1. Within 10 Å, count the other beta carbons around each residue, average over each peptide in 6-18, 182-194, 101-113, and list them highest first.
2. Quick one: net charge around M319, please, counting Lys, Arg +1 and Asp, Glu -1 for every other residue with C-beta under 12 Å from its C-beta.
3. In a shell of Cβ-Cβ distance under 13 Å around P285, excluding P285 itself, what net charge do Lys and Arg (+1) and Asp and Glu (-1) give?
4. Would you mind getting me the FRET efficiency between E370 and Q258? Use the beta-carbon distance for r and R0 = 60 Å, nearest 0.05.
5. Using only Cα atoms, find the angle between the long axis of helix 214-234 and the longest principal axis of the chain, and express it within 0 to 90 degrees, rounded to the nearest 10.
6. Once label points are set 7 Å from the Cα along Cα→Cβ at both E106 and D91, what is their separation, rounded to one decimal in nm?
7. In nm, to one decimal, how far is the modelled label at A229 from the one at A127, with both set 7 Å along Cα→Cβ?
8. Once the other residues with Cβ under 10 Å from the Cβ of P350 are scored (Lys, Arg +1; Asp, Glu -1), what is the net sum?
Amino acid sequence: MSSMIAVDGLQVGMFIHLDGGWLSHPFPLSSFKIASAEQIAVIRRLGLAQVRWSPERSDRPADPDAAAPAATAPTESPAQAATRRHRELLDAQREAQQQCERQFGEAASAWRQACDAAAARPAESRAQSEALARALLDKMLVGDDIGIRLVGGSGGERAAAHALNVSVIGLLLGRALGLGADEMLELGVGALMHDLGKSELPERVRHLEVGASAAELSAYRDHVAKGVALGRRMGLAGGALAVIAQHHEHADASGFPQRLAGERIALASRIVALVNRYDNLCNPPTRVPPLTPHEAVAMLFAQGRGRYDAGVLNAFIRMMGVYPAGSLVQLTDDRYALVVSVNSTRPLKPRVLVHDAKVARSDALLLDLEEMPDVGIRRSLGAGKLPAPALEYLDPRPRVHYYFEPLGQAAPAAQDDAMAVV
């Protein structure tokens, strides 16, 4: 249950709710526990007079007198306390997941508006794409620990999901590589708009099918030049234009349209070229069978060491981990699990959804392997290698979509002994 509190009365430890749209504030989630005085300062700069807060989910109340325990408070049994704690964790977990998916959907809608305006209203399109890129950066830069979160799909809107996947992973990779603020903004705009030229192509050649004719290949490759032309009409910055122009160039000069090599390709373009390939392996736009995220990383490592910039590729693998979000895995204790969230700075111990026949999937808490020193991941598995009950329970999506998750504010994951409710 929530109530209103004046912004001047906010304290560290309060669990608050920021109402309004996705672009109305810089925080990755709209509901979170205040972790620092800096976050309070950011909230005050939003110009709000008051916000909603949940006393029962806060570490401290607004009224110091309310901190005294009630004399008539009922005593919980250990079983009741465990059940209550499980329910609280589950509610927080569901809320965090829903907010990530809602923000992903709002970002997809903003991307579509920017693309739809590109030809007829180019200045408006530039403003919208820059605002979206800046909002993504704000979400990412609020906290030090950012997770790459698996989110639900966006229906049939593959183009929007692809643009956001490339942008989310590309921006995190740019941060890992130390890009400056202006470079990050241009990377974000370029990643969002890298396929802009496809809107100028006939539907049948927007994606390159196996066995395409020379004419179809040439028509498909025209999307780069058409994208650059649209970007120039929009007045995009040079760094963003370079991403659009070079996102199919390869370090070994095997790409197109100019067969550039090495450092002749801008760093932001090298980032987007790699992440674009990763997402197309996981979410192919044609009838090619998709790879699991683990298989896609393994293929890039095995086959892409000459094609992609070595520094970018190594940073990508370190950030995504051997088992990226969306991977099906078997744990060292033989249980099957789905990787749901990976810490972009400490990827070896992700958070996973574990198959447990004794717990309904709707009641399952994520297991944080970082808190479980005796449990790890033994191997990655394709869907066909899982027993049918485990596969049905884990329910991997046919498409892999990613969004930022602030791990310091995310719904807490369970430790192993909290998985079962007494």
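Derivation of every value follows stated rules applied to the coordinates shown; laboratory data play no part. Everything numeric in this text was worked out from a predicted model, so none of it was measured. Cβ atoms come from the backbone with ideal geometry, glycine included; neighbour counts cover every protein chain shown.
1. 182-194, 101-113, 6-18
2. Numbers: positive: R175, R318, R346; negative: none.
Surrounding charge for M319 is +3.
3. Numbers: positive: R158, K198, R204, R206, R277, R287, R399; negative: E157, D195, E203, E209, D279.
So the environment of P285 carries a net charge of +2.
4. Efficiency computed from Cβ-Cβ geometry: 0.85.
5. 70 degrees
6. Inter-label distance under the simple model: 2.2 nm.
7. Label at A229, label at A127, 2.6 nm between them.
8. Local net charge: +1.
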